[in-house]
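Colleague: Quick one: this structure, given as structure tokens, is what I'll be asking you about.
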Protein chains: 2
Amino acid sequence: MHKVGYEFKDSSLCELALTHRSCGKRNNERLEFLGDSILNFVIAEDLYARFPQAREGELSRLRAGQVKGETLAEIARELNFGDYLRLGSGELKSGGFRRDSILADSVEAVIGAVYLDSDMETARALVLGWYKERLEKINLKKSQKDSKTRLQEFLQSRRQPLPNYELVKVEGEAHEQTFYILCHVEMLPKATKGKGSSRRQAEQEAARAAIELLQVEKS
Amino acid sequence: MHKVGYEFKDSSLCELALTHRSCGKRNNERLEFLGDSILNFVIAEDLYARFPQAREGELSRLRAGQVKGETLAEIARELNFGDYLRLGSGELKSGGFRRDSILADSVEAVIGAVYLDSDMETARALVLGWYKERLEKINLKKSQKDSKTRLQEFLQSRRQPLPNYELVKVEGEAHEQTFYILCHVEMLPKATKGKGSSRRQAEQEAARAAIELLQVEKS
């Protein structure tokens, strides 16, 4: 496992982490449980520090993308975990999705094993090494859903009617116009306002104002 | 906050952790995100070490009970967090469930703040101090569902017919009998066997054998 970037003091821990439950009772499921919680913490802490302006919902969404099975399976492939996995005879021939989920689980199990074999600092450094490029590539702006989408999702999840955007005024000459929008939401006593150099931008601003009010309300 | 058991070097962190989002943009939501991941790790690690025989599913279930909102709200009450919370005027009069969820969130936020103010060792010791009696009280046997229940739930969740327990033999005199059971499960090619000093015990053993085969299958 030279690609992993860690040398185990206790090689039986490493072996256990790569032993799928199809091999029998001694398998990597408990290590996976532990490793999952370490991975979640390490990524949470990195995102918290990396995006000081991001709200909690945004941080949760970014983390979910990093710790989902698909991403973990990618990492497992980059580290060649497939060559070291111990599978029961029934699993050896299985392919596709099942194999991906086995690979993903093994990444978490190895994180748990590294932690037990060393300490949090070592496990964290290892995980952040594996994730370096993925974390650097995150584009907060791009990953953020726009306010109109967020408002719509918020209302739909509460079985509320969709918001109504009303254009109340357009000022200025062509190419320098300012649009004024009111956003009507049934849950809110007053419409929220937005203005911008395009109708869409003004609607986004009004939607964002509505979300802020609703989020204070809902808590 | 003398009951909390931690003295902040940076008191603004403590304040932020106790500031609900109803107060405005500077609130404890981001700290809650961070603290949640630390809490999950600390409890996972403790349960992992405390119950070396517990399977992953059991550990997950035990942890869920420890980190759920209800438990966190209890802890917040024991630590008198309610006296220190900063709420917006709209929230001051709200009671009941809403207040419980605010209290629960503040516990996670304080954990995040303590971690940022110190380190993982300190945060872990603090959390384990708050949880000491709760963790010591966990009774693995009692919290474990019996195998017949687990088998039934497993099959129901997959829309499978219920298992069939067949008594095939009873050996020995009264008070020293041995019961032999076959457990028939449609998903399995062969019935699994169980024997025990009561019919129920034999059924449990046969059910456990079936679960083990099914869990290898499903992976």
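Colleague: Quick check on the stretch A:31-57: of everything there that is of a type in the set (D, E, K, R) and within 9 Å of chain B (Cβ to nearest Cβ), which residue is farthest from A:Gly90 (Cα to Cα)?
Modeller: Selected residue: A:Arg55.
Residue-wise test of (1) hydrophobic (A, V, I, L, M, F, W, C); (2) modelled with pLDDT of 90 or more.
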position: B:Gly5; (1), (2): no, no
position: B:Ser22; (1), (2): no, no
position: B:Leu34; (1), (2): yes, yes
position: B:Glu56; (1), (2): no, yes
position: B:Ala73; (1), (2): yes, yes
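For (1) touching a helix residue (DSSP H, G or I) at 6+ places or on another chain (Cβ under 6 Å); (2) of a type in the set (Ser, Thr, Tyr); (3) more than 30 Å from B:Arg208 (Cα to Cα), each residue gets a yes or a no:
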{"site": "B:Val4", "(1), (2), (3)": "no, no, yes"}
{"site": "B:Asp10", "(1), (2), (3)": "yes, no, yes"}
{"site": "B:Cys23", "(1), (2), (3)": "no, no, yes"}
{"site": "B:Leu39", "(1), (2), (3)": "yes, no, yes"}
{"site": "B:Ile43", "(1), (2), (3)": "yes, no, no"}
{"site": "B:Arg55", "(1), (2), (3)": "no, no, no"}
{"site": "B:Leu62", "(1), (2), (3)": "yes, no, no"}
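Colleague: Which ones in the stretch A:176-219 are more than 14 Å from chain B (Cβ to nearest Cβ) and of a type in the set (Lys, Arg)?
Modeller: Within the stretch A:176-219, A:Lys190, A:Lys193, A:Lys195, A:Arg199, A:Arg200 qualify.
Colleague: Additional query: Could you tell me whether the stretch B:136-147 includes any residue that is in contact with a helix residue (DSSP H, G or I) (Cβ under 7 Å, 6 or more places away or on another chain), within 30 Å of B:Tyr48 (Cβ to Cβ) and assigned to a helix (DSSP H, G or I)?
Modeller: Yes, the stretch B:136-147 contains at least one residue that is in contact with a helix residue (DSSP H, G or I) (Cβ under 7 Å, 6 or more places away or on another chain), within 30 Å of B:Tyr48 (Cβ to Cβ) and assigned to a helix (DSSP H, G or I).
Colleague: Related question: Counting only residues that are more than 8 Å from chain B (Cβ to nearest Cβ), more than 13 Å from A:Leu135 (Cα to Cα), open to solvent by 30 Å² or more (accessible area, probe 1.4 Å) and not basic (Lys, Arg), how many does the stretch A:58-69 have?
Modeller: 1
Colleague: Then there is this: Identify, please: which residue in the stretch B:163-201 is β-branched (Val, Ile, Thr) and over 18 Å from B:Ser147 (Cβ atoms) and is, among those, nearest to the chain's Cα centre (by Cα)?
Modeller: Filtering the stretch B:163-201 for residues that are β-branched (Val, Ile, Thr) and over 18 Å from B:Ser147 (Cβ atoms), the one nearest to the chain's Cα centre (by Cα) comes out as B:Thr178.
Colleague: Which residue, of B:Glu173, B:Glu136, is under 30 Å from B:Ser37 (Cβ atoms) and open to solvent by 30 Å² or more (accessible area, probe 1.4 Å)?
Modeller: B:Glu136
Colleague: Just a yes or no: is a residue in the stretch A:169-185 of a type in the set (Lys, Arg) and touching a helix residue (DSSP H, G or I) at 6+ places or on another chain (Cβ under 9 Å)?
Modeller: Scanning the stretch A:169-185 turns up no residue that is of a type in the set (Lys, Arg) and touching a helix residue (DSSP H, G or I) at 6+ places or on another chain (Cβ under 9 Å).
Colleague: Looking only at the stretch A:72-88, which residues are without any contact (Cβ under 8 Å) to a residue 60 or more places away in the chain and within 14 Å of chain B (Cβ to nearest Cβ)?
Modeller: Selection gives nothing.
Colleague: Do you know which residues across the stretch B:184-204 are assigned to a helix (DSSP H, G or I) and open to solvent by less than 80 Å² (accessible area, probe 1.4 Å)?
Modeller: Matches in the stretch B:184-204: B:Ala202, B:Glu203, B:Gln204.
Colleague: Given the structure, is B:Ala207 in contact with a Ser or Thr (Cβ under 7 Å, 6 or more places away or on another chain), open to solvent by less than 40 Å² (accessible area, probe 1.4 Å) and touching a residue at least 24 places away in the same chain (Cβ under 8 Å)?
Modeller: yes
Colleague: Here is a further query. Does the stretch A:95-108 include one or more residues that are charged (D, E, K, R), within 18 Å of A:Leu13 (Cα to Cα) and out of contact with any Cys (no Cβ under 6 Å at 6 or more places or on another chain)?
Modeller: Within the stretch A:95-108 (the criterion being charged (D, E, K, R), within 18 Å of A:Leu13 (Cα to Cα) and out of contact with any Cys (no Cβ under 6 Å at 6 or more places or on another chain)), the answer is yes, since at least one residue qualifies.
Colleague: Scanning for something farther than 14 Å from B:Leu103 by Cβ, among the aliphatic types (A, V, I, L, M) and surrounded by fewer than 19 Cβ atoms within 10 Å (Cβ to Cβ), does the stretch B:46-55 turn up at least one residue?
Modeller: yes
Colleague: Somewhere in the stretch A:151-168, is a residue open to solvent by 80 Å² or more (accessible area, probe 1.4 Å), farther than 30 Å from A:Phe81 by Cβ, in contact (Cβ under 8 Å) with a residue 12 or more places away in the chain and within 14 Å of chain B (Cβ to nearest Cβ)?
Modeller: Checked against the condition, which is being open to solvent by 80 Å² or more (accessible area, probe 1.4 Å), farther than 30 Å from A:Phe81 by Cβ, in contact (Cβ under 8 Å) with a residue 12 or more places away in the chain and within 14 Å of chain B (Cβ to nearest Cβ), the stretch A:151-168 yields no hits at all.
Colleague: Moving to a separate point now. Could you look through the stretch B:3-30, keep only residues that are within 14 Å of another protein chain (Cβ to nearest Cβ) and part of a helix (DSSP H, G or I), and pick out the one that is surrounded by the fewest Cβ atoms within 10 Å (Cβ to Cβ)?
Modeller: B:Cys23
Colleague: Looking at the stretch A:154-209 only, could you name the residues that are aromatic (Phe, Trp, Tyr) and within 23 Å of B:Lys25 (Cα to Cα)?
Modeller: The answer is A:Phe154, and nothing else.
The values are calculated or read from the model by the stated rules, or taken from the named source; none is laboratory data. These numbers were taken from a predicted model, which means no experiment stands behind them. Glycine also receives a Cβ, built like all others from the backbone with ideal geometry; neighbour counts cover every protein chain displayed. For accessibility, only protein heavy atoms count, side chains too; no ligands or nucleic acids. Shrake-Rupley method; radii C 1.70, N 1.55, O 1.52, S 1.80 Å.
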